[in-house]
Amino acid sequence: MYQFVQKFHSGWAYLALFLLVFAVLNSLIGMTSKKEFTPKDRAIALFGLIGTHIQLVVGLILYLVSPLGFDSLGNMKDAAIRLTSLEHPLINIIAIAIITIGWSRHKKATTSEAKFKKITIFFGIGLLLILSRIPWSLWF
């Protein structure tokens, strides 16, 4: 089960990152070009939100079954173990919380510019946090 969850988590990460990057770029373009926020723009952001949430759920399952997860918390002197058992999960949970806040705030915005701005800022911050804590050496 561990191998399957690990492969799924790694594979889904490509899709989740693609959806998140696409949502940020779409919102950035919408904000700078002052276009109207359409249902298509909402769907793009929603897919980014859903993709990251699925990645979070799979990651939490992986964290519980992985030897590099919860069981490794006592060995924080090793940078690689610290990254996979503490930094990666913690920062990604924070990043996905920020993305979720951005989704909620965009729904409360009344203008298209404000909607695009909320998604660009919050999803962008979440994306940067996620990219900062990917264990690149394990991923490639």
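Entry remark, segment 32-42: residues being surrounded by 20 or more Cβ atoms within 10 Å (Cβ to Cβ) and outside any helix (DSSP H, G or I) number 1 in total.
Here's the yes/no breakdown for (1) within 21 Å of V5 (Cα to Cα); (2) exposed (fewer than 15 other Cβ atoms within 10 Å of the Cβ); (3) aliphatic (A, V, I, L, M):
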| site | (1), (2), (3) |
| --- | --- |
| I44 | no, no, yes |
| L49 | yes, no, yes |
| L64 | yes, yes, yes |
| G74 | no, yes, no |
| H88 | yes, no, no |
| L128 | no, yes, yes |
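I'm checking my understanding of the structure. Among residues of segment 90-126 that are among the hydroxyl-bearing types (S, T, Y) and over 17 Å from the mean Cα position of the chain (by Cα), which one is surrounded by the fewest Cβ atoms within 10 Å (Cβ to Cβ)? Step by step, filter segment 90-126, then rank; the result is T110. One residue alone among I119, I101, I81, I29 is out of contact with any helix residue (DSSP H, G or I) (no Cβ under 7 Å at 6 or more places or on another chain), over 21 Å from F8 (Cβ atoms) and assigned to a helix (DSSP H, G or I), and that residue is I29.
No value in this document is a laboratory result; all are computed from the given coordinates. Being a predicted model, the structure only gives us computed values, none of them experimental. Methodologically, a virtual Cβ is constructed for each residue, glycine included, from the backbone with ideal geometry; neighbour enumeration extends over all protein chains shown.
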